[in-house]
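Undergrad: Starting off with a structure, shown below.
The values are calculated or read from the model by the stated rules, or taken from the named source; none is laboratory data. The structure presented is a predicted model; accordingly, all values stated were derived computationally and were not measured. Here Cβ is always computed from backbone atoms with ideal geometry, including for glycine, and neighbour counts include all displayed protein chains. Just so you know, the surface numbers come from the protein's heavy atoms only, side chains and all, with ligands and any DNA or RNA stripped out. Shrake-Rupley method; radii C 1.70, N 1.55, O 1.52, S 1.80 Å.
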Amino acid sequence: MAQQATGASILLTEMPAANEAVLQETMKHNPDLLPIDEFGMAGPLLVVGRETTLQSGYVDLLCLARSGELLIIEFKTGPQNPDFRHALAQLLDYGSDLWRLSYDEFENTVATRYFAGPHCHDLQFQGQTSLEAAARLRWPDLTDEEADLLCERLIQQLATGAFQYIVVAQRFTSVMVRTIEYLNTSMNAARFYAVELVYFAADGLTAFESRTVLQPTELTKAAKQPATLNQAQFLEQFTPDTYRHVAQDLLTFCTGLGLTLEGTSNRSIRVLTPDRSKLLSIGWLVPPGISGWYGVMDLTLGYDPASAAMTPSVSSALDAYLASVAALPGAQPAKTGKLRAYRLPPQSVTVQLPQIQEILARLVNQVGELG
């Protein structure tokens, strides 16, 4: 039902769109047409890619939900089953392109490239150089805790390939629906959705409505939900056994110092400062061969300058801490411009655990004295 300026109501009739490309462009420029509330996701969506070039081709649309899910969206532009199979194949190709990217790589090669490119039409986001800054523009009431969880969930999806795949079409056949149902049942982590975008028109007026044709069942969603690893599960990822015991000793020591350990797939080492209630990360422990938040690897000790700026009372203590870490044999500057930090490979941690513990204890004592 639509209403003219005169106040008279007009009954719009559902009808096939003359060209599915029209529906495609409508969704691309209005991604909030996607019924993500039916998917159990929090919106509105943040577009991080449109016609984005990946190794396998051009992905139609990439979006982030406020709850951290990465949506890879492809449009079926033809009426036949082969067109649908082609859209599914493209989705999986794009997922494989994104799989195992670090946070920094995704930010630089996908999100900020989109913000700087010709397909970003929203003036609010044009030229944004930080994914977190764009997220805070999209969701102005985003808390620091929510921002951390969003970042961590994105990292986990990139590491595991547990993306949200969405096929949008004007109509789905029973064969198409069965194929998506099969993928949801058989694939371990990824989730697949079928969404119809319906066209309505009458007397020169048009409207669109999206309908969820198929999504993972609640049971399937629960089975695919990323799990927080407990300490034993987390440490199982460390090899060889010598390094596993060293990692365990380090985490036990941090807990004894009163430091907080947070994270699902890695451990962020955090300290309470006098200036605010939010904890400040001063280190990250990541299993071998895995890239964590901002691309940190192994044991990375240091801090995020943007977060540290909010707790100025400890700036001198952080400077001394960073200098001590930099002086450790084998310390390598972290490969990210977002952090002031140094990476210590497993061998360096194993050999120098007592020195690392001493540096952490000194920082905790200095921060405690200030508090």
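Undergrad: Scan region 172-179 and tell me whether some residue there is β-branched (Val, Ile, Thr), crowded, with 19+ Cβ neighbours inside 10 Å and either touching a strand residue (DSSP E or B) at 6+ places or on another chain (Cβ under 7 Å) or under 23 Å from Pro44 (Cα atoms) (or both).
TA: Within region 172-179 (the criterion being β-branched (Val, Ile, Thr), crowded, with 19+ Cβ neighbours inside 10 Å and either touching a strand residue (DSSP E or B) at 6+ places or on another chain (Cβ under 7 Å) or under 23 Å from Pro44 (Cα atoms) (or both)), the answer is no, since none of the residues qualifies.
Undergrad: Can you tell me how many residues in region 54-65 are within 15 Å of the chain's Cα centre (by Cα) and assigned to a loop (DSSP other than H, G, I, E, B)?
TA: 1
Undergrad: List every residue pair whose Cβ atoms sit under 9 Å apart, with the two residues 6 or more apart in sequence or on different chains, where the first one lies in region 263-288 and is touching a residue at least 60 places away in the same chain (Cβ under 8 Å) and the second, anywhere, is open to solvent by 40 Å² or more (accessible area, probe 1.4 Å) and of a type in the set (Lys, Arg).
TA: The qualifying pairs are Thr264/Arg153.
Undergrad: Then there's this: Kindly indicate whether any position in region 263-279 is assigned to a strand (DSSP E or B), within 15 Å of Arg343 (Cα to Cα) and not polar (S, T, N, Q).
TA: yes
Undergrad: Restricting to helices (runs of 4 or more DSSP H) lying wholly in region 66-154: which have 1 or more residues that are on the phi < 0 side of the Ramachandran plot, open to solvent by 10 Å² or more (accessible area, probe 1.4 Å) and touching a Gly at 6+ places or on another chain (Cβ under 7 Å)?
TA: In region 66-154, 81-98, 103-106, 112-116 are the helices (runs of 4 or more DSSP H) which contain 1 or more residues that are on the phi < 0 side of the Ramachandran plot, open to solvent by 10 Å² or more (accessible area, probe 1.4 Å) and touching a Gly at 6+ places or on another chain (Cβ under 7 Å).
Undergrad: List pairs: first residue in region 157-185 and under 30 Å from Ser265 (Cα atoms), second residue open to solvent by 50 Å² or more (accessible area, probe 1.4 Å) and among the small types (Gly, Ala, Ser) anywhere in the structure, Cβ distance under 8 angstrom, at least six positions apart or on different chains.
TA: Pairs that qualify, where the first residue is under 30 Å from Ser265 (Cα atoms) and the partner is open to solvent by 50 Å² or more (accessible area, probe 1.4 Å) and among the small types (Gly, Ala, Ser), are Gly161/Ser96.
Undergrad: Residues of region 272-288 being among the hydrophobic types (A, V, I, L, M, F, W, C) and out of contact with any Gly (no Cβ under 8 Å at 6 or more places or on another chain), which ones?
TA: Result: Leu279, Leu280, Leu285.
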